[in-house]
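Asks: Sharing a structure here in structure tokens format.
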Amino acid sequence: MSMPFYVAPEQLMEDRADYARKGIARGRSLIALTYIDGLLIVAENASNTLRKVSEIYDRIAFAGVRKYNEFDQLRIAGVRHADLKGYSFSRDDVDAMSLANQYAQMLGQIFTHEMKPMEVEILVAEINQDDDEGTGQLFHILYDGTVKDRSDFVVLGGDAEAIFDRFQESFSENLSLPEALTAAISALAGPDRTLEPDDLEVAELCSNNGRRAFRRIEGQELHDYMPD
């Protein structure tokens, strides 16, 4: 009987992390940020049907980068978890932190025990329910279950470091919606490209939208906001 090859646990984890990072680096990026009325998510996405940004619950949004079939499984699981918790207890009991923890456990379990890790990074965003200014939280969950929380902005996907540096130069608190969208698009495009409305998927969580704060910005409205 042939003996299986031995691989040190440290090497195995590093190989899986390298595999996931290289896959994610090939994906198109997105930026999520706070602006004066809420949260804005701007993703580079040429598809009009395969959505990277979606609503999870009343004031909670989900976004994913890289492999659509993998992060869409996570989106569906999040919707089911939120619906069950809201039905069993109260709609106010559904929050982004608990969803982020659920996602972290799922991704951590897959990364540790499955042969192939998920090639995804995901975002769970929530606008505060009792805040007229629309402030919120951003939870960035990595392929291995690591959770990072931000209250200003976050960048997911390929070339994230360069996009982060570009966007940091133009980000400030209390940006208006046109200012926030212009800054995000410019950071995603960089100095050598121009992004058109068909290249983008944009959505907001805004306190002015009522209980269901999620709204897509598309069509003529998005075209009007595009930087010159």
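Asks: Highest GNM mean-square fluctuation, the chain, Cα pairs closer than 10 Å: which of 153, 164, 89?
Replies: Most flexible of the set in this elastic network: 89.
Asks: Same structure again: Springs between alpha-carbon atoms under 10 Å, Gaussian network over the chain: tell me which of 49, 182, 135 tops the mean-square fluctuations.
Replies: 49
Asks: If you line up the long axis of helix 68-88 against the longest principal axis of the chain, both from Cα atoms, how many degrees apart are they, to the nearest 10?
Replies: So the inclination is approximately 70 degrees.
Asks: On alpha carbon coordinates alone, what is the Rg over Rh value for region 15-77, Rh being the Kirkwood radius?
Replies: Reported Rg/Rh (Cα atoms, Kirkwood Rh): 1.00.
Asks: In addition: For region 24-225, what is Rg from Cα atoms divided by 2.2 N^0.38 Å, rounded to two decimals?
Replies: 0.97
Asks: Do any trypsin sites (Lys or Arg not before Pro) in region 138-214 lie in a loop, going by DSSP, with at most 10 other beta-carbon atoms within 10 Å of their beta carbon, and if so which? Could the numbers behind the result be given before it?
Replies: Details: sites: 148, 150, 166, 193, 211, 212; in loops: 193, 211, 212.
Here the trypsin sites (Lys or Arg not before Pro) that fit, given the DSSP loop and packing criteria, are 193, 211.
Bear in mind that the values in this text are calculations on the coordinates, not laboratory data. Since the structure is predicted, the reported quantities are computational estimates derived from the model, not experimental observations. Note: ideal-geometry Cβ built from the backbone for every residue, glycine included; neighbour counts use all protein chains shown.
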